[in-house]
Amino acid sequence: MAKMRAVQVARAGGPLELVEREMPEPARGEVRVRVEACGVCHGDSLTVEGQWPDLSFPRLPGHEIAGVIDAIGAGVVGWRAGTGLCPPHASGRRRGAG
Ligand SMILES: [Zn+2]
């Protein structure tokens with residue numbers, strides 16, 4: 001399976017570390033986005049510090065992204081690979097550990 005790079009925090013208050021993960025395939029109704037830029041906001045700081053309730057770790061902070069759709073799941077209509085997008089808040093089913 002293809003790999004991707006990600007920045008994760010393994011535990012609350014831990015250091016950010018560059019890791020390699022398996023590239024997820026989009027499930028039904030999902031698209032996969034190749035992230036080309038990612039902002040960092042106060043919410044990410046709170047995530048890294050473990051300040052949000054019910055966080056699980058390891059965690060990949062960063063939800064303010066811009067990128068290009070590179071795979072499309074079954075049942076997705078109106079989107080195609082190569083489309084650039086900048087969602088207001090990317091939640092990412094597999095952005096985190098699970
Ligand atoms: Zn934010």
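Please list, in chain and number order, the residues 5+ apart from residue 33 or on another chain whose amide H is under 5 Å from its amide H, with Hs placed from the backbone.
70
Would you calculate the volume per residue, in Å³, of the smallest convex hull containing every Cα atom of the chain?
Cα-based convex hull of the chain, divided per residue, equals 104 Å³.
Every read-out reported here was derived from the displayed coordinates using simple, explicitly stated rules and does not represent laboratory data. The structure presented is a predicted model; accordingly, all values stated were derived computationally and were not measured.
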